[in-house]
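Report on the structure given below.
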Amino acid sequence: MKPRPARAFCPGFFLAGGHLPRKRFGQHFLVDPGVIHAIAEAIAPEKGDTLAEIGPGLGALTGPLLERLDCLHALEIDRDLIARLKQRFCPERLIVHEGDVLAFDFARLSPGLRVAGNLPYNISTPLLFHLSRFADRIRDMHFMLQKEVVERMTASPGSPAYGRLSVMLQYRFHLEKLFDVPPECFSPSPRVWSAVARLIPKLAAERASCDAAALEKIVAAAFSQRRKMLRNTLKPLFAESELAALGIAPDKRAEDIPLAGFVALANFRAAARGRDSS
Ligand code: SAM
């Protein structure tokens with residue numbers, strides 16, 4: 001994605017209206033009209049959609065989204081920005097949910113929910129895990145994230161970026177990187193490049209059947225010390241002979257194991273628990 005030439009209206013750290021961006025809320029506001037348009041096109045909202053925007057900020061994306069929707073749910077933590085949003089958009093069209101998105105119960109919104117946003121990068125990983133719990137109610141998600149996070153989300157086994165985030169998101173979602181976004185498309189500019197990603201929840205039939213809690217526990221343990229062999233990181237959970245019986249060499253590291261391998265481990269653990277309790 002090529003940024004349009006920088007616009008002159010946001011010198012320094014003050015934006016239109018004099019809002020001082022808050023670092024603790026990860027505030028980097030989109031100012032490039034080409035990127036804003038490209039994100040709205042990628043989301044392609046349609047009248048009747050239930051869409052929640054995370055962190056609408058000064059409304060850079062909110063306006064273009066609302067042009068195509070009847071109404072939009074906005075989840076914002078910054079009270080100054082909430083006041084501005086309420087001045088700019090009428091309450092029937094922009095339903096503002098004030099507070100921390102990490103504590104928001106997405107089950108309050110209709111199933112088939114669409115979620116989008118230029119996310120606060122400081123909470124993006126816990127937020128992706130939080131949203132994963134509602135995957136069954138979600139139709140799709142479009143997010144601007146740090147490029148490095150998108151690379152971790154979409155990484156394949158054997159690559160240095162492959163980790164807990166890759167396995168847990170690839171278990172629940174089809175993931176696609178749409179385009180990169182350079183720092184100068186934001187004000188203030190972040191130090192890093194960003195990228196826009198699309199996440200579409202897998203249907204039950206597309207997803208390997210497994211106990212998600214067991215999977216989460218095993219993946220967290222395996223990647224807790226990624227340079228160590230599985231015989232060490234998984235020692236509290238599996239005997240070496242059990243790993244070998246599942247076709248997983250105990251001298252492998254977590255980064256070598258594909259999603260299917262972790263699913264096999266989770267299913268083995270769940271079956272063993274079932275045997276123990278019967
Ligand atoms: N969407 C705007 C844009 O693109 O210009 C702002 C994006 S800015 C990167 C992140 C936004 O998320 C800010 O508006 C910030 O106040 C909000 N935010 C940060 N932490 C949040 C949290 N825990 N819950 C809800 N909103 C949060």
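How many residues does region 89-103 contain that are more than 10 Å from the ligand (Cβ to nearest atom) and over 14 Å from L72 (Cα atoms)? Give the derivation first.
Narrowing region 89-103 to residues more than 10 Å from the ligand (Cβ to nearest atom): 89-96.
Filter once more, keeping what is over 14 Å from L72 (Cα atoms): none.
Here the count works out to 0.
Residues in region 121-156 that are open to solvent by 20 Å² or more (accessible area, probe 1.4 Å), within 14 Å of P201 (Cβ to Cβ) and not in a helix (DSSP H, G or I): R133, F134, R139.
With respect to (1) under 26 Å from L131 (Cα atoms); (2) in the same structural domain as G59 (by TED's automatic domain parsing), the lone exception for E184 is condition (1).
Could you count how many residues in region 108-120 are surrounded by fewer than 19 Cβ atoms within 10 Å (Cβ to Cβ), farther than 18 Å from H174 by Cβ and touching a residue at least 24 places away in the same chain (Cβ under 8 Å)?
First, the residues of region 108-120 that are surrounded by fewer than 19 Cβ atoms within 10 Å (Cβ to Cβ): 108, 110-112.
Then keep just the ones that are farther than 18 Å from H174 by Cβ; that gives 108, 110-111.
Then keep just the ones that are touching a residue at least 24 places away in the same chain (Cβ under 8 Å); that gives 110-111.
Selection size over region 108-120: 2.
Within region 50-89, being touching a Pro at 6+ places or on another chain (Cβ under 7 Å) and open to solvent by less than 50 Å² (accessible area, probe 1.4 Å) holds for L51, G55, T62, L65, L69, A74, E76, L85.
Among the residues examined, K86 does not qualify as more than 10 Å from the ligand (Cβ to nearest atom) and either in a loop (DSSP other than H, G, I, E, B) or outside the structural domain of R137 (by TED's automatic domain parsing) (or both).
Of all residues in region 41-83, exactly one satisfies the criterion of being within 11 Å of the ligand (Cβ to nearest atom) and basic (K, R), namely R79.
Filtering region 139-156 to residues that are under 23 Å from I36 (Cα atoms) and either of a type in the set (A, V, I, L, M) or within 11 Å of the ligand (Cβ to nearest atom) (or both) leaves M141, F143, M144, L145, Q146, V149, V150, M153.
The values are calculated or read from the model by the stated rules, or taken from the named source; none is laboratory data. The model shown is predicted, which means the values in this text are computed figures rather than measured ones. Every residue, glycine as well, gets a Cβ built from its backbone with ideal geometry; the counts of neighbours run over all protein chains shown. Heavy atoms of the whole protein, side chains included, go into the accessibility calculation; ligands, DNA and RNA do not. Shrake-Rupley method; radii C 1.70, N 1.55, O 1.52, S 1.80 Å.
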